[in-house]
Amino acid sequence: MNRNQTAARFAAAAAALAISLPAMAHPGHAGAADSFFAGLLHPLTGLDHLLAMLAAGVWSARQQRGGRELLPAFLGMMLLGALSVVAGLRIPGLQTGIAATVALSGCLLAAAVRMPSWAGAALLGLFAVLHGSAHGHELPQAASAAGFMLASALLLWTGRAIGKVSAGGVLRLAGAAIAAAGVALMAL
């Protein structure tokens, strides 16, 4: 399969995700929000979280230095965001902020932005706190938190693997699709 075919298939998949935006709302957990399984599925069932985690992983792979260290930092900041909910912190405009992280992550990929390690860590840390806070509101129990942390780690490392093996043009196209999805999420 040549690069054009790969890019076309990736674009088709991204378009399919974008078309499914009205169904992006997280399904109800029917009283099982405290289960490990609910937490494990949660980042995989919300387009916002799915795209943000994958994009953060891909972007970390494309950084000049320190990209690998961004992922454990992302997870740590996400956990801090979840714990902040337990402490009573409420972030105004959280859902809009999460959609903005998706759009900005896509823009970083589309523009092939490279940052110094400290700046990348600060930016992804902010994204992670927002996503962690949302998870903390939606999945407040320890078992579900363990599940969403594991699923998030898998998504981040999957994104990193994709970023390592994919051509720059394909990643820029994917970034544009992710940015468009983020803008669409902000409009909902």
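The values are calculated or read from the model by the stated rules, or taken from the named source; none is laboratory data. Keep in mind that this is a model prediction, so the values were computed, not measured. All Cβ positions, glycine included, derive from the backbone under ideal geometry; neighbour counts span all protein chains shown.
Results, tabulated for the structure shown:
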item	result
Filter pass, Leu89 being among the hydrophobic types (A, V, I, L, M, F, W, C) and either within 13 Å of the chain's Cα centre (by Cα) or part of a helix (DSSP H, G or I) (or both)	no
Scope segment 40-84; condition surrounded by 16 or more Cβ atoms within 10 Å (Cβ to Cβ), at pLDDT below 90 and more than 15 Å from the chain's Cα centre (by Cα); matching residues	Arg62, Gln63, Gly67
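Yes or no, residue by residue, for (1) among the polar types (S, T, N, Q); (2) under 13 Å from the mean Cα position of the chain (by Cα); (3) surrounded by fewer than 20 Cβ atoms within 10 Å (Cβ to Cβ); (4) within 18 Å of Met77 (Cα to Cα):
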residue	(1), (2), (3), (4)
Ala142	no, no, yes, yes
Ala153	no, yes, yes, yes
Ile162	no, no, yes, no
Gly168	no, no, yes, no
